[in-house]
Amino acid sequence: MSNLQDKILSILKDGAFHSGESLGEQLGVSRTAVWKQLQKVEEMGLQIESVKGTGYRVANGFELLCKETIVAHLSSANAQLPRQIEIFQTLDSTNKYVGERADYSTSVVFAERQTSGRGRRGKTWVSPFAANIYMSILWDFEQGAQALEGLSLGVGVAVRRALVELGLDNVSLKWPNDIYVAGKKLGGILLEMLGDPAGQCSVIIGVGINVSMPETTAADIDQPWTDLRAESKEPISRNKLAAVLVDKIFTLLADFETVGFAQYRDEWQAADAFKGQQGTISTPRDSISGTVVGVDNSGAVQLRLSSGEVQSFIGGELSLRRTQ
Ligand code: BTN
């Protein structure tokens, strides 16, 4: 990102109108150069309103992520823990970036937008500029993949704790790791493993939370969704949210290898969006339906089949069974 773009973004973030002339003066460039910068900002996904004789604005403004503000909001227990916090204006994917770096353990990476945000099951994660949270953390585990059972559900519990702390009182969890509010998806978690599943390995923990999804990009989302702007009584600062997420996730990671998912299971089940409902688990080979009972200590979802038997499923897609 050029210096000019940084400057124009920090002028436009207040949501007020700025004339082309004043933008030119503040940036020290011609009106044509201002116009080119505005076009680039629009290409990044910000909607610029232009009113003849008045100027340009981004309605409602926006809040850019700021490392110092995030660090200032971390709890004292975790303030020293992230090895580094990096914020990028644009990345293809924060998960990909973290996975390609050596010596990144306990680092946290945020992007203001992702051009190839990764969702579960090969889907794209819609990631417009300065609208939501896209973050990844890299964490090393000594004991291999077995110690990670249920970690993605544990991260869901940590994310939910963060949202509850910020005043959201109706956040639920959909197996395995979707964050839901009122039947709509607010966020998602994508864990990717690096290294030796039998020995020392690292996990990339990617979290995306919808804060203020622009209508223009919302059309690309293929499932019911919501954002914090719609669900929270008070406006939520993205920097504050970023800090509380880092805090809760680091607190979980600090002892997950020792205590495992068993420690978080009750809390997960208390927030289960599908508990007691008729659900179907679909895998590439099979579809099995039953009543959603909960999750076991390994994080597998449990269905009570019509035979009365309770069966656990570690993989697959869980959906609610449509009743006729
Ligand atoms: C899902 O499909 O529910 C998982 C979505 C995970 C999205 C986050 S955004 C930050 C991180 N980087 C990515 O490319 N994906 C994850």
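The values are calculated or read from the model by the stated rules, or taken from the named source; none is laboratory data. None of these values were measured; they are calculated from a predicted model. Virtual Cβ from ideal backbone geometry, glycine too; neighbours counted across all protein chains shown. Heavy atoms of the whole protein, side chains included, go into the accessibility calculation; ligands, DNA and RNA do not. Shrake-Rupley method; radii C 1.70, N 1.55, O 1.52, S 1.80 Å.
A few remarks follow.
- Here is the list for the range 218-268: trypsin sites (Lys or Arg not before Pro) lying in DSSP coil, each with at most 13 other C-beta atoms within 10 angstrom of its C-beta, are Lys233.
- Cα centroids of the range 44-93 and the range 116-183: 20 Å apart.
- 222 nm mean residue ellipticity, helices alone, for the chain (DSSP H n ≥ 4; -39,500 (n - 2.57); rounded to 500): -9000 deg cm²/dmol
- For the listed peptides 277-283, 204-210, a ranking on the average number of other beta carbons within 10 Å per residue, highest first, reads 204-210, 277-283.
- For the range 67-270, the alpha carbon convex hull comes to 115 Å³ per residue, rounded to a whole number.
- Per residue, the solvent-accessible area of the chain (1.4 Å probe, heavy atoms of protein chains only, all protein chains present) comes to 47 Å².
- Cα principal axis extents for the range 81-168, largest first, Å: 37, 36, 30
- Within the range 1-158, antiparallel bridges make up roughly 55 percent of the DSSP beta bridges whose residues both belong there.
- Which listed pairs, of Lys123/Lys275; Lys40/Lys67; Lys36/Lys185; Lys36/Lys233, have C-alpha distances above 29 Å, in listed order: Lys36/Lys185; Lys36/Lys233
- At least 24 Å along the helix axis (C-alpha) and Kyte average at least -1.0, DSSP helices within the chain: 238-259
- Exposure here means at most 15 other Cβ atoms within 10 Å; with GluC sites (Glu not before Pro) in a DSSP loop as sites, the longest stretch of the chain lacking them is 143-308.
- Environment charge of Phe62, counting only residues whose C-beta is closer than 12 Å and scoring Lys/Arg +1, Asp/Glu -1: +2
- Each Lys and Arg Cβ is given +1 and each Asp and Glu Cβ -1; about its Cα centre, the range 99-161 then shows a dipole of about 460 debye.
- The alpha carbons of the range 278-321 occupy a box of 24, 22, 16 Å along the principal axes, longest dimension given first.
- Lys, Arg +1 and Asp, Glu -1 on Cβ, resulting dipole of the chain about Cα centre, debye, nearest 20: 760
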